[in-house]
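Input: a single structure, listed below in structure tokens.
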Amino acid sequence: MLIDDENPALLQLERLILGDGRLSVGGKFTRVSLGLEYVAANPVDVVFLDIEMPGTNGLEAGEQLLAIRPDIQIVFVTAYHHYAIEAFELNALDYLLKPVEPTRFAKTVSRIESRLRMNRNVPEQPAPAASMIVCFKRLSIEDGSAAGGLLKWRTQKAQELFTFLLHEQGQWVAKDVILETLWPQLQVDKATTQLHTSVYQVRKMLKQWGIQAFIEYSHDSYRLMRNGYLTDVDLFMRGSLMAEVTTQQEWEQLEQKLNLYQGDYLEEHDYFWAKPVREELRRRYIQGSLAAAAYELKAGREHQALQRLLSIKTKEPYSDEICRSVMKAYVALGNTPAAVQYYRDFASLISNELDTNPESQTTRMYQELLEK
């Protein structure tokens, strides 16, 4: 397919293709929108694409073409050398300067033949069965096979771009927002080049891993579409927040959700933009753990409750609610001295580090213990 806003340029390319004889022209268009419609409805191996066009320029059009057909090969055609680096960052197969010379064009066609032959000889990987993207603690994939594990990205920014779009839950994110979030220190042109490169890398690696997800581009915005897989956060959010657990069945359901929480949300990556969600998920985990521990105390499983409470204390060391629950667990075990000492340690901690005192409800529980 050929896209150029000038008819003479389209005619010259068509003559070169006919003269070479190794390619055939499926369609030629002076408007990007028509070319995108054609690619969406027809098999196209390669597109010759002008860069300097009114409205959507060729680099933006290349993004949209790759979003529709990740395997499409792009050859940029332009009168200006300064686009070369950005074109290749978008992973263009080749770059032709106008007016295109027949000898140089023949080399491009040979390169196209070689790339298409190589792509067709590589078998596609089947999508992993029951794959799940893990976001708690670190980004990884679980697919029930030895292939699961950490995702090895080409660059840290490709990983962050994928994670950021995953974090946005399928919502459209404006290109400017992505640039400001991931490349705030770079000038716009350099940041845009980095974005193009990272988008290409993400698309390529998702296909390589067999993950059923793809990046869409439209109206200067991106989104990650998921098909047939979940994240551990998706599963955790379904039923992890219970005010009270009253039956063994409810406890078992909650326990399944809590077991997904293997660490804070994207903890090892420490992305600043993930902090609000990280804090909300931690809050849900603590509240769910408190509900589970309360049921365990009622069910006579005091040791299990105490172990759970001491583990979440490390996540919220200044929580009065956790302090009271731990004290109750020690009392249920018949160890009132341990409950008293736990209160004193807690009071000392928040006094030294926060310059405050325990809540009145916590202090009242402590005083009642001393009176027994």
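Across the stretch 290-328, the number of residues qualifying as among the aliphatic types (A, V, I, L, M) and open to solvent by 60 Å² or more (accessible area, probe 1.4 Å) comes to 1. If only residues of the stretch 169-184 that are closer than 24 Å to Thr231 by Cβ and out of contact with any strand residue (DSSP E or B) (no Cβ under 8 Å at 6 or more places or on another chain) are counted, the one that is least open to solvent (accessible area, probe 1.4 Å) is Leu182. Restricting attention to the stretch 1-16, the residues that are open to solvent by less than 50 Å² (accessible area, probe 1.4 Å) and either among the basic types (Lys, Arg) or without any contact (Cβ under 8 Å) to a residue 40 or more places away in the chain (or both) total 2.
Pick out, from the stretch 279-372, the helices (runs of 4 or more DSSP H) lying fully within it that include 1 or more residues that are under 30 Å from Leu235 (Cα atoms).
The helices (runs of 4 or more DSSP H) meeting that bar are 302-313, 320-332.
Check the stretch 275-290 and report whether any residue there is touching a helix residue (DSSP H, G or I) at 6+ places or on another chain (Cβ under 6 Å) and of a type in the set (Gly, Ala, Ser). Checked against the condition, which is being touching a helix residue (DSSP H, G or I) at 6+ places or on another chain (Cβ under 6 Å) and of a type in the set (Gly, Ala, Ser), the stretch 275-290 yields at least one hit. When the stretch 42-62 is filtered for residues that are within 20 Å of Leu116 (Cα to Cα) and in a loop (DSSP other than H, G, I, E, B), the ones remaining, listed by number, are Asn42, Pro43, Val44, Asp45. Do we find a residue being without any contact (Cβ under 8 Å) to a residue 60 or more places away in the chain, part of a loop (DSSP other than H, G, I, E, B) and either closer than 23 Å to Ala61 by Cα or not hydrophobic (A, V, I, L, M, F, W, C) (or both) anywhere in the stretch 155-168? For the stretch 155-168, residues without any contact (Cβ under 8 Å) to a residue 60 or more places away in the chain, part of a loop (DSSP other than H, G, I, E, B) and either closer than 23 Å to Ala61 by Cα or not hydrophobic (A, V, I, L, M, F, W, C) (or both): present. Within the span defined as the stretch 212-221, one or more residues are in contact (Cβ under 8 Å) with a residue 60 or more places away in the chain, within 30 Å of Leu258 (Cα to Cα) and surrounded by fewer than 17 Cβ atoms within 10 Å (Cβ to Cβ).
Within the stretch 197-211, restricting attention to residues that are open to solvent by less than 10 Å² (accessible area, probe 1.4 Å) and not aliphatic (A, V, I, L, M), the residue that is nearest to Asp270 (Cα to Cα) is Ser198.
Only residues that are under 16 Å from Lys315 (Cβ atoms) and touching a residue at least 40 places away in the same chain (Cβ under 8 Å): list them for the stretch 275-298, please. If the condition is that a residue be under 16 Å from Lys315 (Cβ atoms) and touching a residue at least 40 places away in the same chain (Cβ under 8 Å), then Val277, Leu281, Arg284, Tyr285, Gln287, Gly288, Ala291, Ala292 are the ones that fit.
Tell me, please, whether a residue that is among the small types (Gly, Ala, Ser) and either within 24 Å of Ile141 (Cβ to Cβ) or in a helix (DSSP H, G or I) (or both) can be found in the stretch 243-254. No, because not a single residue in the stretch 243-254 is among the small types (Gly, Ala, Ser) and either within 24 Å of Ile141 (Cβ to Cβ) or in a helix (DSSP H, G or I) (or both). Against the condition in a helix (DSSP H, G or I) and open to solvent by 50 Å² or more (accessible area, probe 1.4 Å), how does Ser33 come out, does it pass? In short, yes.
Per the listing Asp270, Asp234, the residue uniquely surrounded by 14 or more Cβ atoms within 10 Å (Cβ to Cβ), without any contact (Cβ under 8 Å) to a residue 40 or more places away in the chain and under 14 Å from the mean Cα position of the chain (by Cα) is Asp234. Per the conditions (1) modelled with pLDDT of 85 or more; (2) open to solvent by less than 20 Å² (accessible area, probe 1.4 Å); (3) over 15 Å from Ile17 (Cα atoms); (4) not in a helix (DSSP H, G or I), the sole criterion not satisfied by Val39 is (4).
The values are calculated or read from the model by the stated rules, or taken from the named source; none is laboratory data. Remember, it's a predicted structure, so these values are computed and weren't measured experimentally. Neighbour counts run over all protein chains shown; Cβ positions are idealised from the backbone, glycine included. Side chains are part of the model used for accessible areas, which takes the heavy atoms of the whole protein and leaves out ligands, DNA and RNA. Shrake-Rupley method; radii C 1.70, N 1.55, O 1.52, S 1.80 Å.
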